[in-house]
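Quick notes on the structure that follows.
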Amino acid sequence: MKQFRTYLFLKRKHDVNAFTLIEILVVICILGVLALLSTNIGTMYVLRARDVLRKDDLVRVRFAIEDYYDSFGYFPSELPSCSGEFKVGNMVFMDRIPCDPKTGDPYRYVTDGMEKSRWFKFYTNLEYIEDRNIDDVGCRTGCGPDCKYNFGLASTNVELTGCSTLLPPIIPTPSPRPVFYVCAPGGGAEGICEAYDDPDRSECPRVFPDDPTCEQLCLKKENRCKNASGKYVPK
């Protein structure tokens, strides 16, 4: 009987040790998963934090540009270089033009090309591509020059120009620059799809990269450009 009890004790002790080992392995697996999740979540928060800075930068610059308009009756044709002071004479509109928090590059400022600009558009790229603001401004498939940007702000008298087709990627590549087709102003009842060098300058509401048909949407006048100043001129 004593030997039998000793056997039971040793068997139970062995079973407990084996179960504890399984528990340890499970805990290690769980910790590994949590570590991976925490890394991904941490990365996401870093991206979103930089995007918050970008949005705040654009809003602050827009306020400065609007102050400029209130003083002179038109928008500046260009802004000072990144980190430069935005002023005219003794009038300081902004102590420092902000730069992108990751690359240090300037944000893209676009106007109608006139010395006394009637409107402006300001573009950047948000890193967290699930941000709803990308859809709010209509830039999910790209905005601005060469459709390179996914977020921006504009003066109250214009809207951002969204591309109809997503162009890969936002990083410059050796591939040829696409031809941007738009619905030309006028065009009669049918409407005309033409190539434009600078759709932004012509305030075109729709841009169709490499599509000479403009998706057959030029019949509607709301899809047509405001003017022909950005029309394509063959070399």
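The numbers here are math on the coordinates, done by the rules we state, and not lab data. Being a predicted model, the structure only gives us computed values, none of them experimental. Cβ sites come from the backbone with ideal geometry, for glycine too, and all protein chains shown count toward neighbours.
Using R0 = 25 Å, the C-beta based FRET efficiency linking Lys116 and Asp211 works out to 0.15. Between Ala49 and Asn90, full extension at 0.36 nm per residue minus the direct alpha carbon distance yields a gain of 11.3 nm. A simple spin-label model places the labels of Glu66 and Arg108 2.4 nm from each other, with each point 7 Å out along Cα-to-Cβ. When peptides 194-205, 216-227 are ranked by their average number of other Cβ atoms within 10 Å per residue, the highest-first order is 194-205, 216-227. Measuring against 20 Å, Cα to Cα, the residue pairs Lys148/Lys226; Lys116/Lys221; Lys121/Lys226; Lys116/Lys148 contain Lys148/Lys226; Lys116/Lys221; Lys116/Lys148 as the ones spanning a longer distance.
Summarising the label geometry, the points placed 7 Å from Cα in the beta-carbon direction at Asp100 and Arg132 lie 2.6 nm from one another. Rg/Rh, computed from the Cα trace of the stretch 85-218 with Rh as the Kirkwood radius, has the value 1.01.
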